[in-house]
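Here is the structure we will look at, set down as structure tokens.
Throughout, read-outs are computed from the coordinates displayed, never taken from laboratory work. Worth saying up front: this structure is predicted, and the values here are computed from it rather than measured. Here the Cβ positions follow ideal geometry from the backbone for every residue, glycine too, while neighbour counts run over all protein chains shown.
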Amino acid sequence: MSTSAQRFEILLVPRHVKDRGELPSPEAAIRSGIVTATGQTGNSGYPRFVGDGFEADIDPVTRTVEAVLLDGSELDYGLVAIVSERRV
């Protein structure tokens, strides 16, 4: 059985909010969603997670979003997807 997380909450935040040096709260997110592991590996080489309009490759060790699509499209300039610290 894998010890890697099977679900994460992704927060979509403006880059300037992330660049403040503190982890943005869910309240600062423009959009959020819960993603679940698909059992597949994405093009980035990390596990693929999908849900709530997000399709993301996430490093489960560092909790870093390595690649992301939102509603099938790349993010607009100035937006960043991060994994919430909140456990789901």
Worksheet item: Roughly how many nanometres apart are two label points built 7 Å out from the Cα toward the Cβ at residue 52 and residue 66?
Response: 2.3 nm
Practice prompt. Considering the options 28, 14, 88, tell which one lies farthest towards the positive end of the dipole of the chain, charges being +1 on Lys and Arg and -1 on Asp and Glu at the Cβ, about the Cα centre.
Written response: 88
Worksheet item: With each pseudo-label sitting 7 Å past Cα toward Cβ, what's the residue 27-residue 73 distance in nm, one decimal?
Response: 3.0 nm
Item to complete: DSSP loop (so not H, G, I, E, B), at most 14 other Cβ within 10 Å: list which trypsin sites (Lys or Arg not before Pro) in the chain pass both filters.
Response: 20, 63, 86, 87
Fill in: Ascending count of other beta-carbon atoms within 10 Å, so fewest first, for 34, 82
34, 82
Worksheet item: Taking the Cα centre of segment 7-83 as origin and charging only Cβ (+1 Lys, Arg; -1 Asp, Glu), how large is the dipole, in debye to the nearest 20?
Response: 140 debye
Worksheet entry | Relative contact order %, the chain, counting alpha carbon pairs below 8 Å whose residues are six or more apart | 31 percent
Discussion item. How far apart, in nanometres, would the label points at residue 34 and residue 6 be if each is projected 7 angstrom from Cα along the Cα-to-Cβ direction?
Written reply: 1.3 nm
